[in-house]
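Accompanying notes for the structure given below.
The values are calculated or read from the model by the stated rules, or taken from the named source; none is laboratory data. None of these values were measured; they are calculated from a predicted model. Positions of Cβ are backbone-derived with ideal geometry, glycine not excepted, and every protein chain shown enters the neighbour counts.
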Amino acid sequence: MKVDLSSPASAPQPLSPYYSQVARVEHADGSALLFVSGQIAEGDTLAEQSRGVFEALGALLGAHGATLADVINIRTYLTDIGKIEEYGGVRRTFLTGTPPTSMTFEVPRLFRPEALIEIEIVAAVPAGR
C-alpha cells in the first residue's frame, strides 16, 4: 500500500498550509481510495455554496482520475440543518447514481464565518485510473 498526500495544482488550493487536499491510498492491485479534505465555497446562499463545494470536489477528484460517481462516503457539515432540503436538491444534481454512505451534522460554525456548508468525501478509484 502506498500513501500520497497532495494538493493538486489543477484544483482548488487549501485555505491554509496546515493540511493536504487529498490523501490517495493506493493498493497493490492499482485501485485507490481518495480521502478529500473538507471543502467550503463562496456564495450568498446555501445552494450557491453547495454547488461551489461540489465543483471543487469534482476538480480534486479529477486530478486523480476520478469523478463524483466514484464517491463512496460523504460527510456534510451544515450551520443550519433546517436547510437540508436546499442542500439535498443541489447534492442530487451532482451525485446522480446510487447514493454513497452519508452523515450530515449541524455545527454552530465552520472554518470561515461566512461558510454555511463544508463537505468531505471518500472515493474508490478502480485500478488503471
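A few notes on this one:
- Leading residue by the ranking (surrounded by the most Cβ atoms within 10 Å (Cβ to Cβ)) among those in the range 1-15 that are part of a loop (DSSP other than H, G, I, E, B), within 15 Å of the chain's Cα centre (by Cα) and among the polar types (S, T, N, Q): 7
- In this structure, residue 71 does satisfy being in contact (Cβ under 8 Å) with a residue 12 or more places away in the chain and out of contact with any helix residue (DSSP H, G or I) (no Cβ under 7 Å at 6 or more places or on another chain).
- The range 9-53, residues that are within 14 Å of residue 123 (Cβ to Cβ) and either touching a Leu at 6+ places or on another chain (Cβ under 7 Å) or among the basic types (Lys, Arg) (or both): 11, 21, 22, 23, 24, 25, 34, 36, 39
- Being surrounded by 17 or more Cβ atoms within 10 Å (Cβ to Cβ) and at pLDDT below 95 is a property that does not hold for residue 100.
- Among the residues of the range 58-69, those that are in a loop (DSSP other than H, G, I, E, B) and not β-branched (Val, Ile, Thr) comprise 63, 64, 65, 66.
- Test for residue 87: is it assigned to a helix (DSSP H, G or I), hydroxyl-bearing (Ser, Thr, Tyr), touching a residue at least 12 places away in the same chain (Cβ under 8 Å) and touching a strand residue (DSSP E or B) at 6+ places or on another chain (Cβ under 9 Å): yes
- Residue among 70, 80 that alone is among the charged types (D, E, K, R) and closer than 30 Å to residue 30 by Cα: 70
- Total residues in the range 21-57, condition surrounded by 15 or more Cβ atoms within 10 Å (Cβ to Cβ) and in a loop (DSSP other than H, G, I, E, B): 4
- Every condition in (1) closer than 21 Å to residue 61 by Cβ; (2) in contact (Cβ under 8 Å) with a residue 12 or more places away in the chain; (3) among the polar types (S, T, N, Q) is met by residue 98 except one, and the failing one is (2).
- Verdict on residue 18 being hydroxyl-bearing (Ser, Thr, Tyr) and either surrounded by fewer than 20 Cβ atoms within 10 Å (Cβ to Cβ) or within 13 Å of the chain's Cα centre (by Cα) (or both): yes
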